[in-house]
Amino acid sequence: MPKVKIVSDPYCCVTRFFNMGTDWTEVNEESSPNSSLLAKKYTEGFFPFKAREIVDELLDEYGDGTSALEIVFEGSDDEWDELQDVCSSEALAPLVKLERSERALANARDILPYIREVFDELYPIIAGTADGSSETLDRLRKFRDASSDMIPICVVGNYSAGKSSFINALIGTELLPSGDRPVTARIFQIERSDQQDRASIGFKYADESINVTFTDDGMKISPSAARGKALDEIAKAATDGGESLAERVRAALGAINSFREGKDEPTLSDLVKVRVPFGRGTDWGSGKKIVIFDTPAPTPTQTPTTCASSARR
């Protein structure tokens, strides 16, 4: 029975091939200079995208037409599953016998959380010792963005289009103010809280990171030494807003939304991060890190492009 081996490295996007004689011999320019398997379409890129083509080529080069071609696979679980699906087709099942190598690679999704955790710990060191060029820092930022498990949902539209009402319906609680006039002045980033009795609001005020935590026992602003008109207004609104957690958070967001910087008043950031429990019985988005963005609508004197540019700043 002819026997070949596929070795896939999804992290380097490289696939190598071996054939069995007295021992495994790699298919390369020296051993098999005329092999079609040396083509970049087979050796480079993601294996699952070309699994069927590779199996067909292996059959053409190594199948003897009298017995099934034995294929040994070395790679990740996801790739193995894809190869099994391909070879279980009616056309290929009689022609191929699959075998899993004892060596295997972990799936990217299984190790990514650990990589991200280590990267986050080392990021200050990496960024501090990097060459400082904008290109290097941009690559670091792109990796952080690409490795995030966050699923962003951005809700955009003209004023009074129902963006806030739509988000309230999604999360199962009346969190955001809604109405027939522009009511969202800042970008709200909303995540599900893991605890039903706890919520928080985060933003920057006077270039200082502020976190407002809500529990059944009350509200706490951190750092405790922070002072300012905006914080006073948020605290008063939350105290007068109602008894439930959602009512108090909603009132605090209303104060943040309507706050206007005076001549001598520190600025409050356009981005406000909200972590709040979704309505009871609302399973939508559970088990996933879904982040919803409620964006300001362009006013009658502001074009959508101008509004988008303001949001980016």
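If a residue has to be acidic (Asp, Glu) and part of a loop (DSSP other than H, G, I, E, B) to count, how many in segment 1-51 make the cut? Walk me through it before giving the result.
Step one: list which residues in segment 1-51 are acidic (Asp, Glu), which gives 9, 23, 26, 29-30, 44.
Applying the additional criterion that residues be part of a loop (DSSP other than H, G, I, E, B) yields 23, 29-30.
Adding up the residues that qualify gives 3.
Can we say Val27 is closer than 22 Å to Ala106 by Cβ and without any contact (Cβ under 8 Å) to a residue 60 or more places away in the chain?
Details: closer than 22 Å to Ala106 by Cβ: no; without any contact (Cβ under 8 Å) to a residue 60 or more places away in the chain: yes.
No.
When only residues in segment 86-139 that are of a type in the set (Lys, Arg) and surrounded by 13 or more Cβ atoms within 10 Å (Cβ to Cβ) count, which is modelled with the lowest pLDDT? Before you say what the answer is, go through the steps one by one.
Pass one, segment 86-139, residues of a type in the set (Lys, Arg): 97, 100, 103, 109, 116, 139.
Checking the rest, the ones that are also surrounded by 13 or more Cβ atoms within 10 Å (Cβ to Cβ) come to 97, 100, 116.
On the way: Lys97: 95, Arg100: 93, Arg116: 73.
Once the filter is applied, the top-ranked residue is Arg116.
Select from segment 145-187 the residues that are in contact with an Asp or Glu (Cβ under 6 Å, 6 or more places away or on another chain) and modelled with pLDDT under 70 and list them in ascending order.
Matches in segment 145-187: Thr184 only.
Tell me whether segment 33-55 contains one or more residues that are open to solvent by 60 Å² or more (accessible area, probe 1.4 Å), more than 34 Å from the chain's Cα centre (by Cα) and farther than 16 Å from Thr15 by Cβ. Give the steps one after another, and end with the answer.
Kept after step one, since they are open to solvent by 60 Å² or more (accessible area, probe 1.4 Å), are these residues of segment 33-55: 33-34, 40-41, 44, 46, 49, 52-53.
Adding the requirement that they be more than 34 Å from the chain's Cα centre (by Cα) leaves 33-34.
Within this subset, residues satisfying the condition of being farther than 16 Å from Thr15 by Cβ are 33-34.
Yes, there is a match, as at least one residue in segment 33-55 is open to solvent by 60 Å² or more (accessible area, probe 1.4 Å), more than 34 Å from the chain's Cα centre (by Cα) and farther than 16 Å from Thr15 by Cβ.
Take the residues of segment 10-24 that are farther than 15 Å from Gly63 by Cα and surrounded by 15 or more Cβ atoms within 10 Å (Cβ to Cβ): which is modelled with the lowest pLDDT? Write out each step before concluding.
From segment 10-24, those farther than 15 Å from Gly63 by Cα are 10-16, 22-24; that's our starting set.
Of the ones still in play, those that are also surrounded by 15 or more Cβ atoms within 10 Å (Cβ to Cβ) are 10, 15-16.
On the way: Pro10: 88, Thr15: 96, Arg16: 96.
So the residue we want is Pro10.
Given the condition touching a strand residue (DSSP E or B) at 6+ places or on another chain (Cβ under 7 Å), under 14 Å from Val86 (Cβ atoms) and modelled with pLDDT of 90 or more, answer yes or no: does some residue in segment 43-50 qualify?
We begin by selecting, within segment 43-50, every residue touching a strand residue (DSSP E or B) at 6+ places or on another chain (Cβ under 7 Å); these are 43-44, 47.
Of the ones still in play, those that are also under 14 Å from Val86 (Cβ atoms) are 47.
Within this subset, residues satisfying the condition of being modelled with pLDDT of 90 or more are 47.
Yes.
Pairs only if they're at least six apart or on different chains, beta carbon under 8 angstrom, first in segment 57-83 and closer than 15 Å to Phe17 by Cα, second open to solvent by 60 Å² or more (accessible area, probe 1.4 Å) and of a type in the set (Asp, Glu); list them, first residue then second.
Pairs that qualify, where the first residue is closer than 15 Å to Phe17 by Cα and the partner is open to solvent by 60 Å² or more (accessible area, probe 1.4 Å) and of a type in the set (Asp, Glu), are Glu70/Glu99; Ile71/Glu99; Val72/Glu99; Phe73/Glu99.
Say we look at segment 56-75 and pick out the residues that are touching a Pro at 6+ places or on another chain (Cβ under 6 Å) and open to solvent by less than 60 Å² (accessible area, probe 1.4 Å); which of these is farthest from Lys97 (Cα to Cα)? Lay out the reasoning, then the answer.
Here is the first cut: in segment 56-75, the ones touching a Pro at 6+ places or on another chain (Cβ under 6 Å) are 62, 64, 69.
Filter once more, keeping what is open to solvent by less than 60 Å² (accessible area, probe 1.4 Å): 62, 69.
Values: Tyr62: 13, Leu69: 6 Å.
Among residues in segment 56-75 that are touching a Pro at 6+ places or on another chain (Cβ under 6 Å) and open to solvent by less than 60 Å² (accessible area, probe 1.4 Å), the one farthest from Lys97 (Cα to Cα) is Tyr62.
The values are calculated or read from the model by the stated rules, or taken from the named source; none is laboratory data. These numbers were taken from a predicted model, which means no experiment stands behind them. Cβ atoms come from the backbone with ideal geometry, glycine included; neighbour counts cover every protein chain shown. The protein model used for the area step is the full one, side chains on, heavy atoms only, and it has no ligands, DNA or RNA in it. Shrake-Rupley method; radii C 1.70, N 1.55, O 1.52, S 1.80 Å.
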